[in-house]
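Working notes for the structure below.
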Amino acid sequence: MNIQIFGTKKCFDTKKAERYFKERKIKYQFIDLTEKAISKGELQSIRKSLTLNALINIKSKEYEKSNLKNIRGDEVKEEILLKNPKLFATPVVRNGKEATVGYEPEIWKQWE
């Protein structure tokens, strides 16, 4: 397993995801989205498992500011997401070609 957790240190679900993997002694890499954004290649890899809309946090303040709800094209949405990591729903947990968004222990059990 090659687990990556994309999130923020203040996100409760991100902390729960980290705890899930720590308790099972599964090594993971934490990427703080406030310090380092998801690269275009990483996003495209994640999008093979998830829709772009699933990755957008529609409850964030940034969502309203970005006017994403009025944008139709995925390419434009993707560019806005890449420029503003605060728009991501967190945590995004990736294991190779598979990915989840949010706290999803039932899916993570299948990865073990």
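The values are calculated or read from the model by the stated rules, or taken from the named source; none is laboratory data. In this text, all values refer to a predicted model and were calculated from it rather than measured experimentally. Note that we place each Cβ from the backbone using ideal geometry, even for glycine, and neighbour counts take in every protein chain shown. Only protein heavy atoms, including side chains, enter the accessible area calculation; ligands, DNA and RNA are left aside. Shrake-Rupley method; radii C 1.70, N 1.55, O 1.52, S 1.80 Å.
Overview of results
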read-out: Selection from segment 87-97 of residues that are out of contact with any Cys (no Cβ under 6 Å at 6 or more places or on another chain) and either in contact (Cβ under 8 Å) with a residue 60 or more places away in the chain or surrounded by fewer than 17 Cβ atoms within 10 Å (Cβ to Cβ) (or both); value: 88, 91, 92, 93, 94, 95, 96, 97
read-out: Of all residues making up segment 1-11, the number that are without any contact (Cβ under 8 Å) to a residue 60 or more places away in the chain and either surrounded by 12 or more Cβ atoms within 10 Å (Cβ to Cβ) or within 17 Å of residue 95 (Cα to Cα) (or both); value: 1
read-out: Segment 40-54, subset touching a residue at least 40 places away in the same chain (Cβ under 8 Å) and either over 20 Å from residue 3 (Cα atoms) or small (Gly, Ala, Ser) (or both), residue surrounded by the fewest Cβ atoms within 10 Å (Cβ to Cβ); value: 54
read-out: Selection within segment 55-76 - under 20 Å from residue 100 (Cα atoms), of a type in the set (A, V, I, L, M) and open to solvent by less than 40 Å² (accessible area, probe 1.4 Å); value: 55, 56
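Condition check ((1) among the hydrophobic types (A, V, I, L, M, F, W, C); (2) modelled with pLDDT under 90) across all residues:
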position	(1), (2)
1	yes, yes
25	no, no
43	yes, no
72	no, yes
78	no, yes
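Residue-wise test of (1) at pLDDT 90 or above; (2) within 26 Å of residue 24 (Cα to Cα); (3) not polar (S, T, N, Q).
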position	(1), (2), (3)
46	yes, yes, yes
59	no, no, yes
81	no, no, yes
110	yes, yes, no
